[in-house]
Amino acid sequence: MAPLFGVAFDLDGTLINNNDYHIQSWQTFYQKRNMPPLTKAEYLQHFNGKTNADVLKYIFGPQLKDTDIKKYTNEKEAIYREIYAPHIQPVAGLLQLLETLSIHAIPMVIATSGIKDNIDFMLQHLPIRHYFKNIIYSAHITHGKPHPEIYEKAAIELSLPARRCIAFEDAVAGIISAKTAGLKVVALTTTHSAHELVAANKIMSDFSDITFPQLQQLVQE
């Protein structure tokens with residue numbers, strides 16, 4: 001019997017509320033180079049939900065070499081993991097929702113623009129890997145969000161038509177990516193205001209705001 005629906009979770013700002021720490025780590029990266037300060041508004045517009053390759057090409061220009069992208073990515077993400085490690089915790093209600101979905105045999109994947117080191121870092125602190133069929137991340141995609149590629153791949157991993165899949169997102173780029181791929185989207189206000197997330201099918205503050213029947217209904221709409 002086919003599952004009722006499938007779920008794809010973004011990581012940063014969705015499974016964990018960590019975007020303030022990503023902002024701080026990029027600010028440190030800028031300071032080390034005596035660059036003008038990075039503002040939260042600029043981060044939300046040009047960084048949040050994007051791959052590091054896209055972000056670094058925004059910072060340094062499209063001609064940036066792959067070797068430099070790798071070097072700068074490793075530097076910035078090492079800063080992030082160091083400052084976030086003492087604070088890492090799941091977004092409220094996440095563990096309960098994962099268990100509920102698991103009980104109902106709902107297939108789940110992670111679909112993140114992030115890198116493997118950061119995924120491994122999260123999973124070292126939050127033992128949730130067993131809930132997910134697979135983890136799709138930056139190395140698996142050619143085009144970062146808002147391109148739909150990552151959520152198209154998520155639907156394939158879930159073995160379901162995109163219309164029967166739900167994406168949990170916190171970023172505008174992620175909402176566009178998932179909706180363009182044909183998924184329903186539930187957005188969390190961990191990073192953006194509800195006003196900025198209006199393109200989502202449902203908006204909530206954390207996972208305690210959503211129930212299994214509501215997810216069922218969302219897929220049926």
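Phi-derived couplings, Karplus 6.51 cos²θ - 1.76 cosθ + 1.60 at θ = phi - 60°, listed residue by residue for the stretch 109-126: 9, 9, 10, 10, 6, x, 9, 4, 4, 6, 5, 4, 4, 4, 5, 5, 9, 10 Hz, with x used for Gly and Pro. Residues Glu42, Glu77, ranked from the fewest to the most other C-beta atoms within 10 Å, line up as Glu42, Glu77.
In the chain, once you exclude exposed trypsin sites (Lys or Arg not before Pro) (DSSP loop, at most 16 other Cβ within 10 angstrom), what's the longest stretch remaining? Walk me through the numbers on the way to the answer.
Working: sites that count: Lys32, Arg33, Lys65, Lys133.
In the chain, the maximal stretch lacking such sites is 134-221.
Take Val7, Val198, Val219 and order them by how many other Cβ atoms sit within 10 Å, fewest up front. Walk me through the numbers before you get to the answer.
Numbers: Val7 28, Val198 11, Val219 18.
Ascending Cβ contact count within 10 Å gives the list Val198, Val219, Val7.
Think of the chain as having a plus end and a minus end, set by charges on the Cβ of Lys, Arg, Asp and Glu; of Gln216, Phe60, Leu123, Phe60 sits farthest toward the positive end of this dipole. From zero up to wherever the largest Cα-Cα distance of the chain sits, split into 5 Å bins and tell me the percent of pairs in each. Spelled out bin by bin, the chain gives 1, 7, 15, 20, 21, 16, 10, 5, 3, 1, 0, 0 percent. Residue pairs exceeding 18 angstrom between C-alpha atoms, taken from Lys70/Lys116; Lys57/Lys145; Lys57/Lys179; Lys40/Lys179; Lys179/Lys202; Lys32/Lys71: Lys57/Lys179; Lys40/Lys179. Antiparallel beta bridges, as assigned by DSSP with both residues in the chain, represent about 5 percent of the total such bridges.
Take the alpha carbon atoms of the stretch 145-160, find their center, do the same for the stretch 39-71, and report the distance between the two centers in whole angstrom. Going from one Cα centre to the other spans 22 Å.
Using a cut-off of under 19 Å, list every residue of the stretch 18-46 whose amide N is near the label point 7 Å from the Cα of Glu75 along the Cα-to-beta-carbon line. Taking a point 7 Å out along Cα→Cβ of Glu75, the residues of the stretch 18-46 whose backbone N falls under 19 Å are 22-39. Distance between the 7 Å Cα→Cβ label points at Leu126 and Glu82: 2.4 nm.
By the helix-only formula, in which each DSSP H run with n ≥ 4 contributes -39500 (n - 2.57) and the sum is divided by residues, the chain has a 222 nm mean residue ellipticity of -13000 deg cm²/dmol. Computed about the Cα centre, the dipole magnitude for the chain is approximately 380 debye when only Lys and Arg (+1) and Asp and Glu (-1) carry charge, each at its Cβ.
Placing a label point 7 Å from the Cα of His140 along the Cα-to-Cβ direction, the residues of the stretch 35-62 with a backbone N closer than 18 Å are 49-53.
If you average the alpha carbon positions of the stretch 102-119 and of the stretch 166-221, how far apart do those two centres end up, in angstrom? What the calculation gives is 16 Å, centre to centre.
Every read-out reported here was derived from the displayed coordinates using simple, explicitly stated rules and does not represent laboratory data. Every value quoted in this text rests on a predicted model; they were computed, and no experiment measured them. Glycine gets a Cβ as well: all are built from the backbone with ideal geometry, and neighbour counts include every protein chain shown.
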